[in-house]
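One structure is given below, encoded as structure tokens.
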Amino acid sequence: MDYPEFLQMLNKEISNPASGQLSRQIITFARPRQYRECLHALNNMKSTLTSLRQVQPSRLIDALIVPLASTARLTAYLGDIFIEEDERIAMHGAAMTSPLKNNANTGVPWGVEQIKAPKVWSTSTGYRVKIGVIDTGADYQHPDLRYSLAPGINLLNRMMLPYDDNGHGTHIAGIIAAANSTGGMIGVAPRSLIYPVKAFDHQGSAYVSDIILGIDWCVRSGLDIINMSFGMKTRSKALLDVVKRATRAGIVIVASSGNDGKRRSIDYPARYPQTIAVGATDRRRKIAGFSNRGPYVDIYAPGDKIVSSWVRGKHHEMSGTSMATSHVSGAIALLLAQRPGLSPAEIKTLITRTANPLPVRKNAKGTAQVSRGEVDALRLVREGMRLPSSKT
């Protein structure tokens, strides 16, 4: 491939789109060497071809994210590249009540109690386990999160910290790692460290390419867990590729199944086999009505009417598989603080094996249906600590 010619063509298409409005495309290279050579040429040329500065690389999957109105002129290169239109992806928070007054119902929330996290704290609090939360950011001034947040990254504005302008990301961070025992709440793993990755805007919307760049950043930053409380209905090859690469790098990816109440289908990226797919339960340890469920779900966790941190130092109650996912991420942090080095596959096997069975459900024909269980942090950590030392 003639990379200067290819990049000049991209620069022209970005600068003067022949038709329509610019939309982002994910261009993945077939061979790593091609990508490295193209990236080298890009770095040399963008000082003079200024529109190329809008091209964002993902080194993890050998891809470029490019704003284009049309991909027609790229067809000449299709033997060497794969083109995928960037799509929108949405958060998985379902319902929200009004803010709680006077910190009512905070302390240790019911979901944290239900998965038996407090019984683990004498052994593990998730100390220094690094968790990337790809979401709307976090409230860095929140008393619950004062000692729980690392700088992270803002993919929407690289010059700013990933401040939360929505609330969802702060809620997720609180469930995982809130550490305000005197006047606020305690999360599942209160001494773990959250790295907010702001990929979602104030409306809770993001592009797949932002998720890809967020996962890329988490891998390069050496994180241990990625919490992904969002989903989409369609399959993305580029997103699958980056999930595979992150898993091979040793990062555990926990993803929410979705809030459509479906019985045999879940959203992507939770549907990818490399992730740990999470459904939601309620206080009675039954699968929440809104939660997707079925054979693609790996584990369930509390997700109905969950109280957690909110922007401007407040607390809110939310429901969704998003909330369930963060309980699971916290439980894995408790495990990894005691057994660092466990592979994503080992952790996935362990978390399903140690789950508490859910009440047996019956279908319309009266036949019993067995679901995956609900996460049990105490059994998870105990079983993990019994593993031979060669596994760590």
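Report the normalised scattering of the chain as log10 I(q)/I(0) at q = 0.08, 0.09, 0.10, 0.11 Å⁻¹, calculated by the Debye formula with identical scatterers on the alpha carbons.
These q points yield log10 I(q)/I(0) values of -0.42, -0.52, -0.64, -0.75.
Let me have the relative contact order for the chain, percent, based on Cα pairs under 8 Å that are six or more residues apart.
Relative contact order here is 18 percent.
Test of understanding: what is the full-extension gain from Ala69 to Arg158, defined as 0.36 nm times their sequence separation minus their Cα-Cα distance?
29.6 nm
Full-extension gain between Thr123 and Arg285, please, as 0.36 nm times their residue separation minus the C-alpha to C-alpha distance.
My answer for the length gained is 55.8 nm.
Report, as a whole number in µm² per second, the diffusion coefficient that Stokes-Einstein gives for the stretch 3-86 at 4 °C and 1.567 mPa s using the Kirkwood radius over alpha carbon pairs.
102 µm²/s
Return the whole-Å distance between the Cα centroid of the stretch 303-363 and the Cα centroid of the stretch 146-225.
Using only Cα atoms to place each centre, the spacing works out to 16 Å.
Report the net charge of residues surrounding Glu37, where surrounding means a beta-carbon distance below 12 angstrom and charges are Lys +1, Arg +1, Asp -1, Glu -1.
Computed value for this residue: 0.
Using packing as a proxy for protection, rank 259-268, 323-332 so that the peptide with the highest average count of other Cβ atoms within 10 Å comes first.
Most protected by this proxy first, the peptides run 323-332, 259-268.
If I model a spin label at Tyr147 and Ser205 as a point 7 Å from the Cα along the Cα→Cβ vector, what separation in nanometres do I get?
For the pair Tyr147/Ser205, the computed spacing is 4.0 nm.
What pairs in Lys237/Lys262; Lys116/Lys305; Lys130/Lys286; Lys244/Lys348 have C-alpha atoms more than 20 Å from each other?
As for pairs spanning more than 20 Å Cα to Cα, those are Lys237/Lys262; Lys130/Lys286.
In what sequence, highest mean first, do 109-118, 122-131 appear when ranked by Cβ atoms within 10 angstrom?
Going by the mean number of other Cβ atoms within 10 Å, highest first, we get 109-118, 122-131.
Would you calculate a helix-derived [θ] at 222 nm for the chain, using -39,500 (n - 2.57) for each DSSP H run of n ≥ 4 and dividing by the full residue count, to the nearest 500?
Calculated at 222 nm, the ellipticity per residue is -8000 deg cm²/dmol.
Given R₀ = 25 Å, what would the calculated FRET efficiency be for Tyr140 paired with Ser343, taking r from the Cβ atoms and rounding to 0.05?
My answer for the efficiency is 0.15.
Taken together, the values in this text are just the output of simple stated rules run on the coordinates, not laboratory data. Keep in mind that this is a model prediction, so the values were computed, not measured. Ideal geometry is used to build each Cβ from the backbone, glycine not excepted, and the neighbour counts take in all protein chains shown.
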